[in-house]
Amino acid sequence: MSSFNRRDFLRTSLLGGIAFAYTSPLSALVTEGPLPPIPSRVALTYGGDRADLAFRSLQFFSKEIREAIGNKLVVLKPNNVSTTIQLASTHAETLEGVLEFLKSIKKLKNAVIAESAASGATSDGYSNFGYISLAEKYGVRLIDLDQQKIEIVHVFDEKDFRPHPVRMSSMLLDRNSYLVSVARMKTHDRVVATLSLKNIVVGAPVKDLGFAFGSGRKPGTVNDKSIVHGSGFRAINYNLYVLARQLHPHLAVIDGFDGMEGNGPNNGTPVDHRICIAGTDWLAADRVGVELMGIDFAKVGYLNYCAQTNMGTADLNKIEILGESLAPHIRKYQLSKNIENQLVWMNPVKA
């Protein structure tokens with residue numbers, strides 16, 4: 001990551017100064033009658049440097065983010081569904097772009113990187129993906145959520161239609177945490193696509209130390225992430241929706257430099273996309289992400305549920321795209337081979 005520095009970031013970020021122009025008090029003085037609703041804004045950047053893309057996308061929201069953080073703990077939540085497959089997991093360069101941005105708005109001292117890897121030791125992912133040297137460079141802590149305080153939250157399961165307890169990270173549930181979802185753009189084998197929301201919700205359940213899939217698993221260890229999946233396609237969509245009220249990003253950063261298509265979130269293939277999405281309305285950011293992947297939004301159950309209950313903006317006509325235009329960057333991602341099974345959520349349960 002020696003190919004760029006903060007000066008390079010600042011040199012390529014001239015657009016940041018206009019981010020709040022439309023909220024000028026002068027415009028309010030000359031407008032008669034009630035003002036129309038301000039659309040949600042989502043930034044889209046394109047280029048050849050992953051970290052610079054993240055940095056530039058966040059520049060549009062500098063003032064808003066700085067004010068929202070205040071004195072809160074800034075939790076950068078990567079998506080390390082794997083501790084060995086880089087394409088499936090958040091790249092250190094994306095995190096660097098976010099950290100450099102926080103430095104530019106003087107909020108770096110409040111920041112930590114926190115994760116509970118889907119399987120295996122979280123520390124292995126930190127080591128394998130270059131997070132340790134990154135944390136040292138910026139003076140931020142790396143936190144393993146599996147070793148932190150927890151709270152109990154209940155979710156639905158299709159097997160018995162009863163609530164089941166899940167151990168969740170207190171840090172991610174804490175209202176004094178400002179959650180930044182630093183996600184990868186990927187197709188998914190259960191919910192069609194995974195973007196900023198799912199990274200937070202399924203990252204929050206913790207697992208016992210020593211848990212791993214396969215022969216490396218320590219006997220008697222449990223991973224509570226599987227409980228959130230609810231034993232079926234209907235349940236996981238519903239659980240993501242319900243938990244989104246307590247667990248959602250305050251800031252979404254979605255790395256699509258090289259997205260994943262096909263059998264995600266682990267075993268898909270790369271898409272050379274070279275984009276990054278950012279926004280403070282996480283649903284709007286995920287909606288734009290789905291569009292850029294060429295996916296029919298009607299197929300993504302949990303995001304539709306969130307839209308129907310007004311958790312954010314999902315109407316593209318009400319989302320202002322900052323930076324790049326949307327249409328030139330839309331790609332048609334190949335979906336998981338089990339996509340027809342996933343779409344069972346769209347059909348009523350037969351008696």
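The values are calculated or read from the model by the stated rules, or taken from the named source; none is laboratory data. None of these values were measured; they are calculated from a predicted model. For neighbour counting, all protein chains shown are included, and Cβ atoms are generated from backbone atoms with ideal geometry for every residue, glycine included.
Looking at the range 95-103, can you tell me whether even one residue there is in a loop (DSSP other than H, G, I, E, B) and either aromatic (Phe, Trp, Tyr) or modelled with pLDDT of 95 or more (or both)?
Taking every residue of the range 95-103 in turn, none turns out to be in a loop (DSSP other than H, G, I, E, B) and either aromatic (Phe, Trp, Tyr) or modelled with pLDDT of 95 or more (or both).
Which of the residues spanning the range 312-351 are closer than 16 Å to residue 296 by Cβ, assigned to a helix (DSSP H, G or I) and charged (D, E, K, R)?
340
Does residue 190 meet the test of being part of a loop (DSSP other than H, G, I, E, B) and farther than 13 Å from residue 229 by Cα?
Against the criterion (part of a loop (DSSP other than H, G, I, E, B) and farther than 13 Å from residue 229 by Cα), residue 190 does not qualify.
Going residue by residue through the range 196-213, is there one that turns out to be outside any helix (DSSP H, G or I), surrounded by 21 or more Cβ atoms within 10 Å (Cβ to Cβ), charged (D, E, K, R) and more than 18 Å from the chain's Cα centre (by Cα)?
Yes, the conditions are met somewhere in the range 196-213.
Return the total of residues in the range 217-238 being in a loop (DSSP other than H, G, I, E, B) and hydroxyl-bearing (Ser, Thr, Tyr).
Of the residues in that region, 2 qualify.
If you take the residues of the range 214-232 that are modelled with pLDDT under 85 and touching a Gly at 6+ places or on another chain (Cβ under 8 Å), which of them is surrounded by the most Cβ atoms within 10 Å (Cβ to Cβ)?
Among those that are modelled with pLDDT under 85 and touching a Gly at 6+ places or on another chain (Cβ under 8 Å), it is 217.
Taking the condition polar (S, T, N, Q) and either assigned to a strand (DSSP E or B) or under 25 Å from residue 187 (Cα atoms) (or both), does residue 127 pass?
When the stated conditions are applied, residue 127 does not pass them.
Which of the following residues is touching a helix residue (DSSP H, G or I) at 6+ places or on another chain (Cβ under 7 Å), over 23 Å from residue 318 (Cβ atoms), without any contact (Cβ under 8 Å) to a residue 60 or more places away in the chain and not aromatic (Phe, Trp, Tyr): 206, 201, 228?
201
Which condition from (1) of a type outside the set (Gly, Ala, Ser); (2) within 30 Å of residue 344 (Cα to Cα); (3) modelled with pLDDT of 95 or more is the one that residue 161 breaks?
(3)
Could you please tell me which pairs satisfy a Cβ distance under 8 Å, a separation of 6+ or placement on different chains, a first residue in the range 107-118 that is at pLDDT below 95 and surrounded by 24 or more Cβ atoms within 10 Å (Cβ to Cβ), and a second residue that is in a loop (DSSP other than H, G, I, E, B) and not aliphatic (A, V, I, L, M)?
Correct list of pairs: 118/82.
Can you find a residue in the range 279-294 that is surrounded by fewer than 17 Cβ atoms within 10 Å (Cβ to Cβ) and either modelled with pLDDT of 95 or more or assigned to a loop (DSSP other than H, G, I, E, B) (or both)?
Taking every residue of the range 279-294 in turn, at least one turns out to be surrounded by fewer than 17 Cβ atoms within 10 Å (Cβ to Cβ) and either modelled with pLDDT of 95 or more or assigned to a loop (DSSP other than H, G, I, E, B) (or both).
Could you tell me whether any residue of the range 93-113 is touching a strand residue (DSSP E or B) at 6+ places or on another chain (Cβ under 8 Å), among the charged types (D, E, K, R) and under 19 Å from residue 225 (Cα atoms)?
Within the range 93-113 (the criterion being touching a strand residue (DSSP E or B) at 6+ places or on another chain (Cβ under 8 Å), among the charged types (D, E, K, R) and under 19 Å from residue 225 (Cα atoms)), the answer is no, since none of the residues qualifies.
Identify, from the list 88, 92, 121, 114, the residue that is out of contact with any Lys or Arg (no Cβ under 8 Å at 6 or more places or on another chain) and within 30 Å of residue 234 (Cα to Cα).
Exactly one residue qualifies, and that residue is 121.
Which ones in the range 112-153 are of a type in the set (Gly, Ala, Ser) and more than 21 Å from residue 205 (Cα to Cα)?
Across the range 112-153, the qualifying residues are 127, 130, 133, 135, 139.
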